[in-house]
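Asker: Just dropping this structure here.
Just so it is clear, none of the values below were taken in a lab; they were calculated from the coordinates. Bear in mind the structure is a predicted one, so any value in this text is a computation, not a measurement. Glycine gets a Cβ as well: all are built from the backbone with ideal geometry, and neighbour counts include every protein chain shown.
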Amino acid sequence: MPLVALTCLFCVGQPAVAQSNCLQAKATFVDVCLGGPTCRGTITQGGILNGTTVTLFTSGANPTPDPNTFSLTNELTITTVQGQLKVRIVTLFNVATGVASGFGSIDPNTSTGRFALATGLLFVGKAVSDNPFTIKLDISGEICPAN
């Protein structure tokens, strides 16, 4: 029984039969921010996720109990040859260590092509560097296409 619960972690609320079409996501994501609320980049080593990215930061830095860490939100658009996957992400960023970690839910209503009506969660995390502001993250999680 615990294995079933762990398997369903990413597909909360979906019947067990619908989970058979879920795809494991694993990729490398590099975004470069040159100023303003938008960053652009690429996803590699991700199979169906390989493509270009646009990240739009939708909130400022929000404080947390740790003075070196803040939270922020962004909308990630991944454009692939099979359509666009849109993900709403909440991120924690520690300025002292340069490490970011976040999770995002797939927006089934604004994703297109193969990703239209898809659900699932993506987890991002790794290091951020300066000059220019470069974000290199690992992506993992699950994408559950509608069909």
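Asker: How long is the gain from Arg40 to Arg88 if the chain were fully straight, where each residue apart is worth 0.36 nm and the alpha carbon distance is subtracted?
Answerer: Taking 0.36 nm per residue and subtracting the Cα distance, the gain is 15.7 nm.
Asker: If you take every residue apart from Asp31 with its C-beta less than 9 Å away from the C-beta of Asp31, what net charge results, scoring Lys and Arg +1 and Asp and Glu -1? Show your work: numbers first, answer last.
Answerer: Details: positive: Arg40, Lys136; negative: none.
Combined, the nearby Lys, Arg, Asp and Glu give +2.
Asker: Here's something else I'd like to know. What distance in nm separates the simple spin-label points at Ser140 and Val81, each placed 7 Å from Cα in the Cβ direction?
Answerer: 2.8
Asker: Just want to confirm a number: the relative contact order over the stretch 101-145, from Cα pairs under 8 angstrom separated by 6+ residues, in percent.
Answerer: Answer for the stretch 101-145 is 37 percent.
Asker: Please report, in debye to the nearest 20, how large the charge dipole of the stretch 32-147 is about its Cα centre when each Lys and Arg carries +1 at its beta carbon and each Asp and Glu carries -1 there.
Answerer: 220
Asker: If you don't mind, there's one more thing I want to ask. Evaluate the distance, in nm, between pseudo-label points positioned 7 Å from the Cα of Asn109 and of Asn21 along their respective Cα→Cβ axes.
Answerer: Output for this residue pair reads 2.1 nm.
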